[in-house]
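A.B. asks: Let me begin by handing over the structure; questions about it come next.
The values are calculated or read from the model by the stated rules, or taken from the named source; none is laboratory data. On a predicted model such as this, the values are computed, not experimentally measured, just so you know. Ideal geometry is used to build each Cβ from the backbone, glycine not excepted, and the neighbour counts take in all protein chains shown. These accessible areas exclude ligands, DNA and RNA; they are computed on the full protein's heavy atoms, side chains included. Shrake-Rupley method; radii C 1.70, N 1.55, O 1.52, S 1.80 Å.
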Amino acid sequence: MIVRSTRACRFGSHRVLDPPGALAQAAWRLDATPVAYENEILCDVDALNIDSASFAQLRAECGDDVHAIGERILATVRERGKQHNPVTGSGGMFVGRVREVGTALRDSVALQAGDRIASLVSLTLTPLLLERVLGVDLATGHVQVRGTAVLFESGSWATLPTDLDDRVALAVFDVAGAPAQMRRLCRQGDTVVVIGADGKSGILSCVEAKRATGSSGRVIGVVPNAASPGARLVRDHGFVDVAIEADARDALQISQRVGAAAPGGADLVVNCVNVAGTEAGTILCAKDGGSIYFFSMATSFTAAALGAEGLGKDVTMIVGSGFAPNHAEIALETLRSHPAVLAHFTTTYGRKS
Ligand code: NAP
């Protein structure tokens, strides 16, 4: 065991190699040396959950070749000291076992060497060293690896629940910000549109939106394929009042179809897709004075800001931060309190025996 006897920056600036002055997320390159400072936590990593926008880009770039995707991930981590997709700018999270808790944190964090945890901060700011990629699951973006990662003092994590398959927990933790934000943003009686309603964050958002808007509210789910398992789940179990099949990249198509179900537009539109080019369609689904929560990491700030201006839409646009207080607990509660959702996540993201 090697622990550095210095207390370092709580935000991890001491690990930034390039450019000077940047914090870890904005940095091009981090020092991922697997030796913990006094206020860091060093982990052995066994799996990455690649962010969906990033994984969709990797699949497209590598033509669904799992070996090539693994090599791409190794190359990025070797070059940058973190899994920060240079095209999408997004990351994901890791699962691993605590190897060392720095001495300065031992009294303040409820963690010990050997605990299994999932990181709740992005891989785009997590120093990561990978020895090997052992497997890539094309369907879910779950990547088995052997490596190490460092959590800074400002970082957050969750111990893995014992009642859930690790992969299911990881899938839920990955998008935990979305259901937590729904509890904040939805009000009784609101009309809420969830775009990408059949994916991980979309399903959890529909469930929370339905609960928060109550019997006087309406939840409209937009999916690219109405026959997908996720689309059937939200429709058949009443997590949406209306399911609309539309391509969110086709701005006029989606706005017409949503407009037919919600004349004048929605109070809140939530974008949970994993593809680029959906900003204008999303903006057109909101009413004037409404709000948009761009959870998607494929969102372009420029396209959203200039698109709203060009469309003459007075809407409040919220950047989809992945963090909200107690977001991991809220997401797990959303899952556990809806058996059909738990069953869907277990089938879709759980370990295949
Ligand atoms: P996911 O499970 O892959 O779901 C994405 C959904 O988008 C799928 O249901 C997909 O439908 C749908 N979709 C794809 N193309 C579409 C189109 N043209 N029109 C309408 N829907 C379309 O992804 P996720 O894990 O929920 O993540 C969703 C987004 O949130 C991603 O961009 C991800 O990067 C981002 N994210 C953000 C944070 C944050 O902190 N803000 C954290 C994690 C993830 P099909 O499957 O049928 O194609």
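A.B. asks: If amide hydrogens are placed 1.01 Å from N in the peptide plane, which non-local residues have theirs closer than 5 Å to the one on T191?
C.D. replies: Under 5 Å from the amide H of T191: R218, D267, L268.
A.B. asks: What net charge is computed for the residues neighbouring D288, neighbours being all others with C-beta under 10 Å from the C-beta of D288, Lys and Arg scored +1, Asp and Glu -1?
C.D. replies: Charge balance in the 10 Å sphere: +1.
A.B. asks: How much accessible surface area, in Å² rounded to 10, belongs to the heavy atoms of H142 with a 1.4 Å probe?
C.D. replies: Using a 1.4 Å probe on the heavy atoms, I get roughly 20 Å².
A.B. asks: Mind putting together the pair-distance distribution for the chain? All Cα pairs, 10 Å bins, whole percent per bin, short to long.
C.D. replies: With 10 Å bins starting at 0, P(r) equals 6, 25, 32, 24, 11, 2, 0.
A.B. asks: Compute the accessible area per residue over the stretch 236-352, keeping the other protein chains in place, probe 1.4 Å, unit Å².
C.D. replies: Result: 47 Å² per residue.
A.B. asks: In 5 Å bins starting at 0, how do the alpha-carbon pair distances of the stretch 245-353 split up by percent?
C.D. replies: Cα pair-distance distribution for the stretch 245-353, in percent: 2, 12, 18, 19, 15, 14, 13, 5, 2, 0, 0.
A.B. asks: Also, I was wondering about something else. Dividing the convex hull volume of the alpha carbon atoms of the stretch 208-248 by its residue count, what do you get in Å³ per residue?
C.D. replies: Hull volume over Cα atoms, normalised by residue count, gives 65 Å³.
A.B. asks: Taking Cα atoms, how many degrees apart are the long axis of helix 339-349 and the longest axis of the chain, rounded to 10 and kept between 0 and 90?
C.D. replies: The two axes meet at around 60 degrees.
A.B. asks: Could the peptides 197-206, 317-326 be put in order, highest first, of the mean number of other beta-carbon atoms found within 10 Å of their residues?
C.D. replies: The packing order, highest mean first, is 197-206, 317-326.
A.B. asks: Here's another thing I want to ask about it. Per-residue HN-Hα couplings for the stretch 220-227, Karplus 6.51 cos²θ - 1.76 cosθ + 1.60 at θ = phi - 60°, whole Hz, x for Gly and Pro?
C.D. replies: Using θ = phi - 60°, the values come out as 10, x, 10, 9, x, 9, 5, 8 Hz.
A.B. asks: Under the rule a/c < 1.5 gives rounded, and otherwise a/b versus b/c splits prolate from oblate, where does the stretch 185-296 land using the Cα gyration tensor?
C.D. replies: Note, shape of the stretch 185-296 comes out rounded.
A.B. asks: Now a separate question. What percent do you get for the relative contact order of the chain when only Cα pairs under 8 Å and 6+ apart count?
C.D. replies: Computed value for the chain: 15 percent relative contact order.
A.B. asks: In whole angstrom, how far apart do the alpha carbon centroids of the stretch 55-85 and the stretch 189-233 sit?
C.D. replies: 31
A.B. asks: To the nearest 10 degrees, how steeply does helix 52-61 sit against the main Cα axis of the chain, on a 0 to 90 scale?
C.D. replies: 80
A.B. asks: Out of all DSSP beta bridges with both ends in the chain, state the antiparallel percent to the nearest 5.
C.D. replies: Antiparallel: roughly 60 percent of the beta bridges in the chain.
A.B. asks: So, with a 1.4 angstrom probe, what is the percent of accessible area on the stretch 1-139 that is carbon and sulfur?
C.D. replies: 51
A.B. asks: Can you list the lysines whose alpha carbon sits under 22 Å from that of K313, skipping same-chain ones fewer than 8 residues off?
C.D. replies: Excluding near neighbours in sequence, the set is K287.
A.B. asks: What are the semi-axes of the equivalent ellipsoid of the stretch 64-120, taken as the square roots of 5 times the eigenvalues of the Cα gyration tensor, listed largest first and rounded to whole Å?
C.D. replies: Each semi-axis is the square root of five times an eigenvalue, giving 30, 13, 10 Å.
A.B. asks: For the stretch 12-107, report the % of Cα-Cα distances exceeding 20 Å.
C.D. replies: When all Cα pairs of the stretch 12-107 are counted, 44 percent exceed 20 Å.
A.B. asks: A further question on this structure: Taking the 0 to 90 degree range and rounding to the nearest ten, how far is the long axis of helix 327-336 tilted relative to the main principal axis of the chain, both from C-alpha atoms?
C.D. replies: That helix lies at roughly 60 degrees to the long axis.
A.B. asks: Peptides 63-69, 249-255, 37-43: what's the order by average Cβ count within 10 Å, highest mean first?
C.D. replies: 37-43, 249-255, 63-69
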